[in-house]
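The block underneath contains the structure these notes are about, expressed in structure tokens.
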Amino acid sequence: MSLLDHEVRAPLDLFHRTYHSLLRSSGEIGIQALADSYAAMAPSLHEGLHHDAPDLAALTYTSLRLPACIDRVRLVLLGQAHEVFARHGYPDVESWQPVSAPGRRRKMFYDGHETLAVLIASPSDVDDLVPMLVSFQIEWNKLWQRLNQPAARGTLARLREGVTLGAADFAPLGLGAEDALRLQTVWSVGLHERLRAMGEWKKRFAVRMLGGSLMDYERATLRWWWHIERCVADIDLRTRRVYFVSSNTHSLINLFSGFALHHSDELLEYVRRRQRDLLGEYDRIIEAQVPSSIENYFYYIQKKYQQSGEGADYFARRDQAERRLGMVRVPSRFYIDVAAQVIDISRLDPAQLDPRLRPDGAELLRASRAVIVNIDYPLGLAAYHILKIVARSVGALAGVYVIGKAATLNGRIGDVLIPNEVFDEHTGNTFHFVSAFSAADVEPFLAHGSVLDNQKAITSRGTFLQNQAFLEVCRREFLTDLEMESGPYLNALYEQAFAQRHPTGEVVSLLRPPCDLGFLHYASDTPASKGHNLGTRNLSYFGMDPTYATSVAVARRILHQELETLQHEARGG
């Protein structure tokens, strides 16, 4: 049995087809219309779907990926750009209140009443958002039903009066003391207000798709790229050799600038003043009691410092230093919510680099004409549109390197997975390629996990579009690296190598890719161990270990490749 067999795919495909078919309508679609096909799918992220008691895991997962205003939202509008919203009767969406969710990067705007406008970069955003709305509505309505039963009459009355609930008040809701504490952690001060809202009205979401054609997605991506080109107008990207990196907005730029390492005294002062609980880790690293990296420690402290809202002078100086070193940060605007950084390799200062980089002959980099375009990793199919636009807009694509989170079926959280084979659910294509990376490129920089190379990855359509049968087949076929971007990136690369659009349902050999190529995935979820992920275990500091181990490997690879190119050119090649 394979992932293409009807028996495995039928319930997943039915749900997928159902909402994509309904969203072709020009009007509103009630989320309740999807409840039956969603239930038949039995998503692995919603194990308690058929139980009367609330499923705290599903409620937590969706709450972290939806904005807090979702409690008051009835209608969710999906569109690719402000022009699309204007074309459908919403000309002032940009003036609505910007809202966000802690667990998902997506541009959203709330009208203050009942409507949420969501910018989508590809159908993957639909595949991500619609199942979350179904799941959230189901769990909301479970609590609505329980709060309106006679046994919970006192609980609902105390919620309406603004009285703090005790442990006994949660029992009629099917929640124990640990559940209440978990909700308090996730919802913070909004716990009682949200529960009161759940008791007042039943949730009835509706969704309306505005636009949604392939051209709408490509047009939004093109405008996103034009914004980047305008922000770095002094660098003519159309004539430059480009190393494309899909990762995050902090690790590469920290490694290349070294600012945090050269201002560690200021960061330690912040720790002593505001984060004294982190001093112990610093002492253990200095005394070699733990294998953690002191560089990663200071990068983490800098991130905490910035999140605190303090240190305006520090970060102003950091921005100035980055500019001097040829590094430009480009925040996203109204289109795709993907920030970017453009790094001019010729302006890097070898003395400022993270000590794990610093290659021999680094002075040759002064002659480089190459730049690094680093983007905040997109979701799913948006990767295809982005790489297509970038590849056809720059002088030459020298390398494509992708760092991202993945679920692992055979490793542990914090492990690094390096695939050389990818099955793409979107197209049914299986790609074989030689990775630019092996375990030896990452292992020296990873303190707490393992590096597993020669892995088989599967690009999933969405986190909710998986069930136990699907995961079991993945295990049997050794597709143990589950992620969402590799397939779309490889489909775009195929179109760089061949004079035709990417195929469907084929085995594709990219043993001679059009540029240097490598994927590095670090495990943040283990579906076999339900509920275990970086978020639920609060491993933000230890999550820096695989993030920077993979980033160091990519940075070293770029510098090595560029130096080889420059040496070859110097020899007259």
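We did not get these values from a lab; they are worked out from the coordinates using the rules stated. Predicted, not measured: the structure shown is a model, and the values here were computed from it. Methodologically, a virtual Cβ is constructed for each residue, glycine included, from the backbone with ideal geometry; neighbour enumeration extends over all protein chains shown.
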Within region 373-415, trypsin sites (Lys or Arg not before Pro) in DSSP loop having at most 15 other beta-carbon neighbours inside 10 Å: R412
Loop trypsin sites (Lys or Arg not before Pro), region 121-228, which have at most 14 other Cβ atoms in a 10 Å radius of their Cβ (DSSP): K202, R204
Sites matching GluC sites (Glu not before Pro) across region 71-126 that sit in DSSP coil, with at most 13 neighbouring C-beta atoms within 10 Å: E114
Modelled FRET efficiency - R0 41 Å, R272 with S438, Cβ distances, 0.05 increments: 0.50
Total lysine pairs under 20 Å (Cα atoms) in the chain, excluding pairs fewer than 8 apart on one chain: 5
Projected label distance in nm at E569 and A33, using a 7 Å step from Cα toward the beta-carbon: 5.7 nm
Structure-based [θ]222 nm, the chain - -39500 (n - 2.57) summed over DSSP H runs of at least 4, per residue, nearest 500: -12500 deg cm²/dmol
Additional length obtainable on full extension of the chain from A53 to Q468, 0.36 nm per residue less Cα span: 147.3 nm
Positive-end extreme of charge dipole, region 6-209 - chosen from L59, A152, A35 (charges on Cβ): A152
Cα long-axis angle, helix 177-187 against the chain (0 to 90 degrees, to the nearest 10): 60 degrees
Semi-axis lengths, Å, the chain, gyration tensor of Cα atoms, sqrt of 5 times eigenvalues: 40, 29, 24
Neighbourhood net charge (10 Å Cβ-Cβ; Lys/Arg +1, Asp/Glu -1) for I418: -3
Extension reserve of the H262-V507 stretch, reckoned as 0.36 nm per residue once the Cα distance is removed: 83.3 nm
Rough spin-label spacing in nm, given labels placed 7 Å along Cα→Cβ, for R323 and K202: 5.8 nm
Degrees, to the nearest 10: 56-65 long Cα axis against longest axis of the chain: 50 degrees
Cα-based helix-to-principal-axis angle, 264-274 vs the chain, degrees rounded to 10: 20 degrees
Rg/Rh for region 225-381, where both radii come from Cα atoms and Rh is the Kirkwood radius: 1.00
Extension gain from L14 to S393, taking 0.36 nm per residue of separation minus the Cα-Cα distance: 132.6 nm
Inter-site label distance for I235 and E161 at 7 Å from Cα along Cβ, in nm: 6.3 nm
At 1.306 mPa s and 10 °C, Stokes diffusion of region 6-209 via Kirkwood alpha-carbon radius, µm² per second: 89 µm²/s
Whole-angstrom gap from region 208-231 to region 443-486, using each part's C-alpha centre: 30 Å
Relative contact order for the chain, counting Cα pairs under 8 Å that sit 6 or more residues apart, in percent: 17 percent
